[in-house]
Amino acid sequence: MTDLSTAQRTVRLLARATDRAGLSTAYGHCSVRLDAASFLVCAPKPMGRVTAQDEGSVVRLDAPLPADVLGEVRLHREVYRRRPDAHAIVRCLSPHVTALAALGRTPKPRHGFGAYFWPQVPRWGDPALVRNDEAARSVADLMGDAAAIVLSVNGAVVAGADAAQALTLALFLEDSARVELAALHAGCEDGPLLSEAQCRGRATWAGRVAERQWDYWTHGDPERA
């Protein structure tokens, strides 16, 4: 179980880091798991505008959404229900992911960062925002145990073992989309992909992979210890 005050600080740091990294604008949200039955979602405002005085809302997995949270937070709830390994979620709207999705595509494993999403990021095809329980359940089912899912032209949902890992995967997803768009622009859609064995070997968290991203994107944050 995560202490609530610690979780509040973590979710604020995650929100601002996500914005700092260019993965959100006025939209998007993030959360961290508190225990097996609940999670904490950031304040319902642009993530880059979340201050040290803003408190997130506790959401229970076995109850309707609180009145003061955004409708798409039901996506977090459904993923946490299905994924005991997920302890942090980022709902991001990054530019290359969105541009690639507009072509009906998601990244393929073409480079090291793409290896974390082998064999390919799933894509939810409905362009409507996910603001009802049935759609949220369907998105979470399609996501399965994948690290991320692209929501048509509405960005993506990324799940990690902690806040640093969720942020890192969101960054890796955006870079994978950048590389995929570059391959398409160069006429190399059929260019080489990493094999399953190469992806499994490359997609490591050893060597402080996530921690270094967290250090970089939270550096100078007013709540950084």
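A short reminder: the numbers here are calculations on the coordinates, not readings from a lab. Nothing here was measured: the structure is a model prediction, and the numbers come from that model. Here the Cβ positions follow ideal geometry from the backbone for every residue, glycine too, while neighbour counts run over all protein chains shown.
Our summary gives the stretch 74-200 a relative contact order of 38 percent, counting only alpha carbon pairs under 8 angstrom and 6 or more residues apart. In terms of the mean number of neighbouring beta-carbon atoms within 10 Å, the peptides 26-34, 115-123, 60-68, 129-137 order highest first as 26-34, 115-123, 129-137, 60-68.
Among the listed options (i) 21.3, 74; (ii) 18.3, 59; (iii) 16.6, 51, the one matching Rg and Dmax of the Cα atoms in Å as calculated from these coordinates is (iii).
Sorted from fewest to most neighbouring beta carbons within 10 Å, what does the list ARG9, ARG49, ARG77 look like?
Values: ARG9 15, ARG49 12, ARG77 26.
Ordered by Cβ neighbours within 10 Å, fewest first: ARG49, ARG9, ARG77.
Ranked by the mean number of other Cβ atoms within 10 Å of their residues, highest first, the peptides 162-170, 95-103, 83-91 come out as 162-170, 83-91, 95-103.
What number, in percent, do you get for the relative contact order of the stretch 4-218 if the mean sequence gap of Cα pairs under 8 Å and at least 6 apart is divided by its residue count?
Working: 424 pairs, mean separation 48.2, N = 215.
Reported as a whole number, the value is 22 percent.
Among the GluC sites (Glu not before Pro) in the stretch 177-225, those placed in a DSSP loop whose Cβ has at most 15 other Cβ atoms within 10 Å are GLU189, GLU223.
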